[in-house]
């Protein structure tokens, strides 16, 4: 899976590595993911504690999207990724139910 990560400012390399490793594990849930975009943003009012992560997965059919906020990018990413996993599992179940 191709993972594009966009950030407004320099983000530590370990954050990029963390995100890429976790995103690659999504293939075990659902192998039809074409590619993913991960957007890292800072909240304007509180850039120190307001880290926002948006994840968008491109699949055949409808895309999957999740947003979360925390005091670090890694925490916000983990929360958003948990939501993405739930959506992927649900979509996979729906696809296989429709095929039967």
*Any idea what the relative contact order of the chain is, in percent, if you count C-alpha pairs under 8 Å spaced at least 6 apart?*
23 percent
*asked:* Quick check: residue separation of residue 92 and residue 39 times 0.36 nm, minus the Cα distance between them. What number comes out in nm?
replied: 16.6 nm
*Which label marks the calculated value of P(r) over Cα pairs in 5 Å bins from 0, in percent, given the options (1) 3, 11, 12, 14, 17, 15, 10, 9, 6, 3, 1, 0; (2) 2, 13, 25, 24, 16, 10, 6, 3, 1, 0, 0; (3) 2, 11, 14, 14, 12, 10, 9, 6, 5, 5, 5, 4, 2, 0?*
(2)
*How far is helix 13-24 tilted, in degrees, relative to the longest principal axis of the Cα atoms in the chain, given as a value from 0 to 90 rounded to the nearest 10?*
10 degrees
*In degrees between 0 and 90, to the nearest 10, how far off the longest principal axis of the chain does helix 73-99 point, with axes built from Cα atoms?*
10 degrees
*Inter-label distance, nm, simple model (7 Å from Cα along the C-beta direction), residue 1/residue 48*: 3.5 nm
_Theoretical ellipticity at 222 nm over the chain - DSSP helices of four or more residues, -39500 (n - 2.57) apiece, nearest 500_ = -13500 deg cm²/dmol
*Figure the gain on full extension for residue 28 and residue 11 (residue separation times 0.36 nm, minus the Cα-Cα span) and round it to one decimal in nm.*
3.4 nm
*Which value, to two decimals, describes the C-alpha radius of gyration of the range 1-46 once divided by 2.2 N^0.38 Å?*
1.31
*Can you pull the one-decimal nm distance between simple spin-label points at residue 65 and residue 83, each 7 Å off the Cα toward Cβ?*
1.1 nm
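Every read-out reported here was derived from the displayed coordinates using simple, explicitly stated rules and does not represent laboratory data. Since the structure is predicted, the reported quantities are computational estimates derived from the model, not experimental observations. Ideal geometry is used to build each Cβ from the backbone, glycine not excepted, and the neighbour counts take in all protein chains shown.
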